[in-house]
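Inspection log for the structure reproduced underneath, given as structure tokens.
The values are calculated or read from the model by the stated rules, or taken from the named source; none is laboratory data. Only a predicted model underlies this, so the values are computations on that prediction, with no experimental measurement involved. For neighbour counting, all protein chains shown are included, and Cβ atoms are generated from backbone atoms with ideal geometry for every residue, glycine included.
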Amino acid sequence: MWSCVPANRWRKNVVLPDAGNPIRITHSIGGAARYCHLTMTFEEWVAALEQRHLANLRLPELTRALRALSSAYVERRHTVGRGGPLDSAGKRAAFALFYAPLHFLTVTYVIQALDDAVMPPPSSVLDIGCGSGAAGAAWAVASERTPTVLGIDRHPWAVDEARWTYRMLKLKGSARQGDVTRLPRLDSGSAVMAAYVLNELSVDTRIRVLEQLFAVGAQGVRVLILEPIARAVAPWWDDAASHAAEQGGRADQWRFRASLPPLLQTLDKAAGLNHRELTVRSIWLPGRAA
Ligand SMILES: C[S@@+](CC[C@H](N)C(=O)[O-])C[C@H]1O[C@@H](n2cnc3c(N)ncnc32)[C@H](O)[C@@H]1O
């Protein structure tokens, strides 16, 4: 499992002391930061995912599904809002086994870089559009498992998968079926995240969700929004980033060098992808009531 130690400074090109899976951070920020490293290795979690999702699928089938899933995210975004990405067992397995670990790694490093995301730990993390639960789990794990996690997703498969992820990672977590437009009540001191989900919503729905996220952010809830960097995927990003800045938040782009476990490397290459570097952009509201 992850454990965190304070570090004096967060520097360019820091190699995290993560035995077996060193990952280089290429983004630099000043001020106090913490290094986190695994005591249960990331590879063990991926191995459990492999057992779970490769039980009924052969690698070539999974690779084909991963190609289809990736092209749905990149080239056929209009199918995404209709649930296209998770419409077959192969694509669901490809999401859980490939994209979820990438999201887990990415969220971990963003959370660590945003020091006030973990210090002090939020009392709870609400993960809207949680998918298989990786993003919320990463935040809770980076916060030494103090926060409870609640994952909400409209897809029943995602809800089951998120529950499994929380159990595997020994988190105080629960997941339920629901819509991102209906946020449960959040206390100040808690956190909410929307990882790779806002770009799947219709314009009206996204506006409603963003309004709610900014409203709870102004009431003291920490808010983290993550999206892929490609501008075409989120043309609304700049407006949301400006709004965040007006509210005392920040927007960043991140680039991490990742050394992926062998299975993920194999899948990455076989599907014609390239995730040696992980990139993401974030909007962060620190949750200090104005
Ligand atoms: C790309 S996945 C991201 C999953 C997860 N946040 C992660 O980072 O791995 C987007 C998820 O959002 C969910 N989703 C899309 N629209 C939704 C809505 N209106 N309400 C709830 N969940 C939604 C999908 O079912 C899917 O699981």
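Inside region 178-210, can you point out the residues that are of a type in the set (Val, Ile, Thr) and in contact with a Gly (Cβ under 8 Å, 6 or more places away or on another chain)? Across region 178-210, the qualifying residues are Val180, Val197.
For Asp160, the test of being closer than 18 Å to Leu86 by Cβ, free of Cβ contacts under 8 Å to residues at least 60 places away in the same chain and not in a loop (DSSP other than H, G, I, E, B) is passed. Taking residues in region 89-113 that are of a type in the set (Lys, Arg) and at pLDDT below 95, and partners anywhere that are assigned to a helix (DSSP H, G or I) and more than 11 Å from the ligand (Cβ to nearest atom), the pairs with Cβ atoms closer than 6 Å and at least 6 places apart or on different chains are Lys91/Ala65.
Answer with yes or no whether Ala191 is outside any helix (DSSP H, G or I), touching a residue at least 24 places away in the same chain (Cβ under 8 Å), away from the ligand (no atom under 13 Å from the Cβ) and aliphatic (A, V, I, L, M). In short, yes.
In region 202-223, which residues are within 11 Å of the ligand (Cβ to nearest atom) and either at pLDDT 95 or above or touching a Lys or Arg at 6+ places or on another chain (Cβ under 8 Å) (or both)? Result: Thr205, Arg206, Arg208, Val209.
Restricting attention to region 110-140, and to residues there that are in a loop (DSSP other than H, G, I, E, B) and more than 9 Å from the ligand (Cβ to nearest atom), which single residue is surrounded by the most Cβ atoms within 10 Å (Cβ to Cβ)? It would help to see each step written out before you state the result.
First, pick out the residues of region 110-140 that are in a loop (DSSP other than H, G, I, E, B): 114, 118-123, 129-133.
Of the ones still in play, those that are also more than 9 Å from the ligand (Cβ to nearest atom) are 114, 118-123.
On the way: Leu114: 20, Val118: 22, Met119: 13, Pro120: 9, Pro121: 18, Pro122: 26, Ser123: 15.
My answer is Pro122.
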